[in-house]
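Just below is one structure, and these are the notes that go with it.
Just so it is clear, none of the values below were taken in a lab; they were calculated from the coordinates. Just so it is clear, the structure is predicted and the values come from calculations on it, not from any experiment. So basically every Cβ, Gly included, is an ideal-geometry build from the backbone, and we count neighbours across all protein chains shown.
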Amino acid sequence: QVQLVESGGGLVQPGGSLRLSCAASGSIRSLLNMGWYRQAPGKQRELVAHIVSGGGTQYADSVRGRFTISRDTAKNTVTLQMSSLQTEDTAVYYCHGLSLPTHYWGQGTQVTGSS
């Protein structure tokens, strides 16, 4: 079992920055990928970014160049640095971990881009 706990959400003005963190505990050595998804009201949950155990990363087209994902294996954390936030980035952001065949999810943290 793996437990994921997010922190760092909040309200930010368009153009601002915010950093999300996810702390993993439990059977963390089994995690292959870790990443972030988001779900806006009335929309499906979508991938924002993920990072594989070897360090490779993947980003959604809508956030590439604005968001950066990183992983600290020593601290068992994954961080999403968000810059140039837009109102369209408003959503609940979920930390995700994959330990085949199981997907693990955090409880979610709200990010709101609004003036």
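Could you work out the relative contact order of the chain, using alpha carbon pairs under 8 angstrom and six or more residues apart, expressed as a whole percent? All intermediate terms of the calculation are to be shown ahead of the outcome.
On the way: 278 pairs, mean separation 42.6, N = 115.
Relative contact order for the chain comes out at 37 percent.
Spin-label point model (7 Å from Cα, Cβ direction): what's the Ser84 to Gln110 distance in nm?
Using points 7 Å along Cα→Cβ, the separation is 2.7 nm.
What share of all Cα pairs of segment 1-42, in percent, falls into each consecutive 5 Å distance bin?
Over segment 1-42, the share of Cα pairs per 5 Å bin runs 5, 15, 24, 21, 16, 10, 7, 2 percent.
Which percentage, to the nearest 5, of the DSSP beta bridges contained in the chain is antiparallel?
Around 90 percent antiparallel, to the nearest 5.
Quick one: compute a quarter of the convex hull surface over the Cα atoms of segment 53-115 and quote it in nm².
5.3 nm²
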